[in-house]
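Have a look at the structure below, then the notes.
Just so it is clear, none of the values below were taken in a lab; they were calculated from the coordinates. Given the structure is predicted, the values throughout are model-derived calculations rather than measurements. Cβ atoms come from the backbone with ideal geometry, glycine included; neighbour counts cover every protein chain shown.
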Ligand SMILES: [Zn+2]
């Protein structure tokens with residue numbers, strides 16, 4: 001098992017039930033593994049912020065085919081390995097996690113309160129963190145995003 005950081009492995013940031021079930025190749029390139037390593041480093045900061053409680057990642061890298069299969073956004077940061085979806089039940093709800101991260105100095109690009117999980121994207125190498133914060137609203141047709149935390 002390849003460790004990216006102390007608490008996050010490459011397996012954890014590339015596994016996908018959908019990919020396994022539909023036999024979709026979700027193997028990251030070396031450049032994407034570099035990005036996943038940076039994502040894992042940010043998740044380590046989040047883990048420490050949340051009292052060093054386990055952060056459970058449900059989705060990290062998604063190949064374009066996998067991203068399409070799960071209905072991800074066409075420009076999803078998951079496709080470049082620059083985003084992770086996670087929960088931290090030992091700390092609190094996704095809203096409580098988002099509030100804690102919003103109040104920290106963690107250099108994220110975009111954070112989305114996705115209802116039952118948190119989406120956190122990091123800036124590409126050399127970019128300044130935009131620290132955009134959104135809340136997803138899952139409508140009957142499309143998902144819309146509101147600024148801030150609801
Ligand atoms: Zn996500």
Global geometry of the range 66-126, whether rounded, prolate or oblate, following the gyration tensor of its Cα atoms and the 1.5 cut on a/c: oblate
Estimated inter-spin distance, residue 95 and residue 150, nm [label 7 Å along Cα→Cβ]: 1.0
By average C-beta atoms within 10 angstrom, highest first, the peptides 115-122, 14-21: 115-122, 14-21
